[in-house]
Amino acid sequence: MSTATAVSTGTWTIDPTHTEIGFSVRHLVSKVRGKFEAFEGTIVTHDDLTASSVNVTVDLNSINTGTADRDNHLRSADFFEVESHPTMTFVSTGIVQKSDTDFVVTGDLTIKGVSKPVELATEFLGEGGDPWGGTRVGIEATAEISRKEFGIDFNIPLEGGKVMVGDKISIHINAEAVLQA
């Protein structure tokens with residue numbers, strides 16, 4: 001495995017068949033997990049990795065929590081309102097290198113027309129060749145956001161001042177990207 005200081009420079013395209021953009025949120029007394037199945041993105045790397053950039057667009061219609069009724073509710077005006085806001089985007093604004101493999105990628109996350117700064121704790125997993133003659137990188141990133149900050153505040157009150165759906169959303173990204181020739 002190579003270190004982050006040895007990343008090839010260029011434009012990388014996120015491989016959707018080897019990438020997962022997922023989330024989890026508190027529901028009643030447990031957590032619900034889901035993922036988005038349609039997205040695209042690029043990573044542009046430079047010799048100085050802190051000058052690199054990330055740009056990702058997620059199709060909110062592609063949400064999959066394993067339950068069709070819940071997915072349809074999440075697409076509705078109570079949550080994502082996909083008819084008016086079909087995509088979620090992340091555009092990086094900065095990168096801080098913490099070690100050879102650990103970074104903080106800051107950027108603007110836009111959901112429902114609301115943009116907020118987000119920090120992704122990012123681990124570089126390596127770079128290497130694939131069986132098709134390409135070069136790939138692996139990256140894992142996590143973040144936590146408040147859904148209410150993006151205007152997603154639907155809830156059902158419960159006894160004792162509790163609510164059905166938590167505010168904090170944990171984001172989990174496992175990405176593989178291919179260097180473009």
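The values are calculated or read from the model by the stated rules, or taken from the named source; none is laboratory data. As the structure is a prediction and not an experimental result, all values here were calculated from the model. Positions of Cβ are backbone-derived with ideal geometry, glycine not excepted, and every protein chain shown enters the neighbour counts.
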Filter result for ASP15 (over 18 Å from VAL178 (Cβ atoms) and among the acidic types (Asp, Glu)): no
From THR65, THR101, THR89, THR19, grab the single residue that is under 22 Å from GLU140 (Cβ atoms), surrounded by 15 or more Cβ atoms within 10 Å (Cβ to Cβ), modelled with pLDDT under 95 and of a type outside the set (A, V, I, L, M). THR101
Failed item in (1) exposed (fewer than 15 other Cβ atoms within 10 Å of the Cβ); (2) over 15 Å from the mean Cα position of the chain (by Cα); (3) assigned to a strand (DSSP E or B), with LYS148 passing the rest: (3)
Search result, residues across the stretch 36-56 that are buried (at least 16 other Cβ atoms within 10 Å of the Cβ) and in a strand (DSSP E or B): PHE36, PHE39, GLY41, ILE43, THR45, SER53, VAL54, VAL56
All but one of (1) assigned to a strand (DSSP E or B); (2) surrounded by 18 or more Cβ atoms within 10 Å (Cβ to Cβ); (3) in contact with a Phe, Trp or Tyr (Cβ under 7 Å, 6 or more places away or on another chain) hold for LYS116, so report the exception by its number. (2)
Could you tell me whether any residue of the stretch 129-146 is touching a helix residue (DSSP H, G or I) at 6+ places or on another chain (Cβ under 7 Å) and within 19 Å of ILE14 (Cβ to Cβ)? no
Within the stretch 1-54, can you find the residues that are out of contact with any strand residue (DSSP E or B) (no Cβ under 7 Å at 6 or more places or on another chain) and farther than 21 Å from GLY129 by Cα? LEU28, VAL29, SER30, ASP48, ALA51
